[in-house]
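For reference, the structure is listed below as structure tokens.
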Amino acid sequence: MRNKILFLTAFIFLTAVLTFAQESDSTKISQLEKRIKKLEDKLEQDELGKLLKEAETVANKQVEKKEIKEFKSGQRSLQAINPEISVIGDMYGQYIANDKSFTGDLRSGAFFRVLGLHFQSNLDPFSFIKAAIEFRPAGFEFGEAYMTWTNIFPGVGLTAGKFRQQFGVINRWHSHSLDQFDFPLALTTILGEEGLNQTGLSFDWIMPSIISDANTLTLQITDGQNEQLFSGDMFSFPAGLLHLKNYWDLSRDTYLELGLTGMLGKNNQRGYDEEGNLILENSRLTALGGLDITVFWEPLNQARYHSFIWRTELYYANKKLMNDRIKAFGGYSYVEYKLDLQWQVGTRFDYTQPFETNNRSKYTWQIVPYITWWQSNWVKLRLQYNYLNSTEIPTAQNTIRLQIVFAAGPHKHDRY
């Protein structure tokens, strides 16, 4: 009986202990479940917050993109619609090396040749304008002003306005961007003192490669405003110019460029003169021909420090007069070598017949050595010597010039 009581007591105690243990475990499990529930709630809240932030970020980006798109659709700042403007200054000092220190119109002294204002602006993705206004000591001069459509047909551009024509190579350039101080004698003698600069249309066609690596054909139809070659300021008949440029890569560092130019226009006078008299002359033609050759060497990875160029142009004019005819031939050739980043040296040879009748035995020639120092991309100085001789002058002319050219603006020494 005693044993039974002890067994019962132990059984009751053990049962109580197990029950307590189970209740304790249940309590712990319940607490753990509550903690897990809290953590899950917190995690959901964090994830929800993260998603909300990401949604806000995406929404902000979409708003920003929308604003940028609206800005590009037509709203432009004042700076964007203003044309780019460059200011070019060209001044020099010269010494005439003879007893009098002057020869004809040339005199020793200091001169400011030109102050140029150059404008350029992209009107839209399809066209742009360029204009050049020159101020000289003798007065204001209207240089160029034209508009260009870059692609009216595949590979074809159109220019309309007043422009220096593509007769050869350097007639297209402005004086401040020449490789020498002055234009060659043949150009100023045969094409006129200012070269060919007329008003009209120019079509430029980048042709498929035919006989060379690249071909460009230029057709220009302009008023015959050149007083020396065509009708001048009176009623101007159209003059047509055709220029074919051929380009070859001779090697990795060298290219050859060959150009052929032909031009035809009338030179007879039609209209009223300054005194009101009617002038009606018979039709007369002026024919021009040109050949230009350029060989340029520029070593890869050293282009800033070394280069060599040889350029030659030939000109021929045949102008019919009332009772006679002018036939004139001339040309130039020069070589230039780039010594390093800042220094260039070169020499040019000029030859031309005078633009007049009965000139078979008459000619003028010139040798022009020079050295150019580029202080920076905006400033250059050039020292040049001109030795000129002719059948028309008693003694040779010797001229020494020191030229300073500065450029302020985005285009620097743009050759156009």
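Report the residue count in the stretch 212-240 for those that are in contact (Cβ under 8 Å) with a residue 12 or more places away in the chain, acidic (Asp, Glu) and not in a strand (DSSP E or B).
Going through the stretch 212-240 one residue at a time, the tally reaches 2.
Could you tell me how many of the residues in the stretch 96-123 are of a type outside the set (A, V, I, L, M), in a strand (DSSP E or B), out of contact with any helix residue (DSSP H, G or I) (no Cβ under 9 Å at 6 or more places or on another chain) and at pLDDT 90 or above?
Of the stretch 96-123, the ones of a type outside the set (A, V, I, L, M) are 98-105, 107-109, 111-113, 116, 118-122.
Within this subset, residues satisfying the condition of being in a strand (DSSP E or B) are 102-103, 107, 109, 111-113, 116, 118-122.
Narrowing the set further to residues that are out of contact with any helix residue (DSSP H, G or I) (no Cβ under 9 Å at 6 or more places or on another chain) leaves 102-103, 107, 109, 111-112, 118-120, 122.
The next check asks that each one be at pLDDT 90 or above; those that pass are 109, 111-112, 118-120, 122.
The qualifying residues number 7.
Which ones in the stretch 180-202 are out of contact with any Ser or Thr (no Cβ under 8 Å at 6 or more places or on another chain), at pLDDT 95 or above and either farther than 30 Å from Arg325 by Cβ or among the charged types (D, E, K, R) (or both)?
Residues satisfying the conditions are Gln180, Phe181.
Looking at the stretch 118-134, I want the residues that are under 15 Å from Thr159 (Cβ atoms) and assigned by TED's automatic domain parsing to the domain that holds His176 and have a partner that is small (Gly, Ala, Ser) and surrounded by 17 or more Cβ atoms within 10 Å (Cβ to Cβ) with Cβ atoms under 7 Å, at least 6 apart or on another chain. Which pairs are those?
Ala132/Gly116; Ala132/Gly143
Is it true that Gly161 is of a type outside the set (Val, Ile, Thr), at positive phi, in the same structural domain as Lys319 (by TED's automatic domain parsing) and without any contact (Cβ under 8 Å) to a residue 40 or more places away in the chain? It would help to see each step written out before you state the result.
Working: of a type outside the set (Val, Ile, Thr): yes; at positive phi: yes; in the same structural domain as Lys319 (by TED's automatic domain parsing): yes; without any contact (Cβ under 8 Å) to a residue 40 or more places away in the chain: yes.
For Gly161, the condition - of a type outside the set (Val, Ile, Thr), at positive phi, in the same structural domain as Lys319 (by TED's automatic domain parsing) and without any contact (Cβ under 8 Å) to a residue 40 or more places away in the chain - is met.
Report whether or not His176 is in the same structural domain as Ile367 (by TED's automatic domain parsing), in a strand (DSSP E or B) and either farther than 30 Å from Gln384 by Cβ or of a type outside the set (A, V, I, L, M) (or both).
no
Can you tell me how many residues in the stretch 258-292 are surrounded by 18 or more Cβ atoms within 10 Å (Cβ to Cβ) and not hydrophobic (A, V, I, L, M, F, W, C)?
9
For residues in the stretch 357-416 being in a strand (DSSP E or B) and aromatic (Phe, Trp, Tyr), which is farthest from Ile88 (Cα to Cα)?
Among residues in the stretch 357-416 that are in a strand (DSSP E or B) and aromatic (Phe, Trp, Tyr), the one farthest from Ile88 (Cα to Cα) is Trp365.
Have a look at Asp204, Asp249, Asp223, Asp253 and point out the one that is under 30 Å from Gly276 (Cα atoms), acidic (Asp, Glu) and either assigned by TED's automatic domain parsing to the domain that holds Gly155 or touching a strand residue (DSSP E or B) at 6+ places or on another chain (Cβ under 7 Å) (or both).
Asp223
Applying the selection to the stretch 347-368, what residues are touching a Lys or Arg at 6+ places or on another chain (Cβ under 8 Å) and closer than 30 Å to Val87 by Cα?
Answer for the stretch 347-368, where residues must be touching a Lys or Arg at 6+ places or on another chain (Cβ under 8 Å) and closer than 30 Å to Val87 by Cα: just Val368.
From the list Ala303, Ala328, Ala317, which one is in a loop (DSSP other than H, G, I, E, B), aliphatic (A, V, I, L, M) and under 30 Å from Pro369 (Cα atoms)?
From the options Ala303, Ala328, Ala317, the qualifying one is Ala303.
Within the stretch 329-383, take every residue that is at pLDDT below 95 and of a type in the set (Gly, Ala, Ser) and give me the one that is surrounded by the most Cβ atoms within 10 Å (Cβ to Cβ).
Ser376
Could you please find all residues in the stretch 149-171 being closer than 20 Å to His118 by Cβ and at pLDDT below 95?
Thr150, the sole residue that qualifies.
If His243 passes every condition in (1) in a loop (DSSP other than H, G, I, E, B); (2) over 19 Å from the mean Cα position of the chain (by Cα); (3) in contact (Cβ under 8 Å) with a residue 60 or more places away in the chain but one, which one does it miss?
Here His243 clears every test but (1).
Among the residues of the stretch 135-143, are any part of a strand (DSSP E or B), within 18 Å of the chain's Cα centre (by Cα) and more than 28 Å from Pro354 (Cβ to Cβ)?
Checked against the condition, which is being part of a strand (DSSP E or B), within 18 Å of the chain's Cα centre (by Cα) and more than 28 Å from Pro354 (Cβ to Cβ), the stretch 135-143 yields no hits at all.
The values are calculated or read from the model by the stated rules, or taken from the named source; none is laboratory data. On a predicted model such as this, the values are computed, not experimentally measured, just so you know. Glycine gets a Cβ as well: all are built from the backbone with ideal geometry, and neighbour counts include every protein chain shown.
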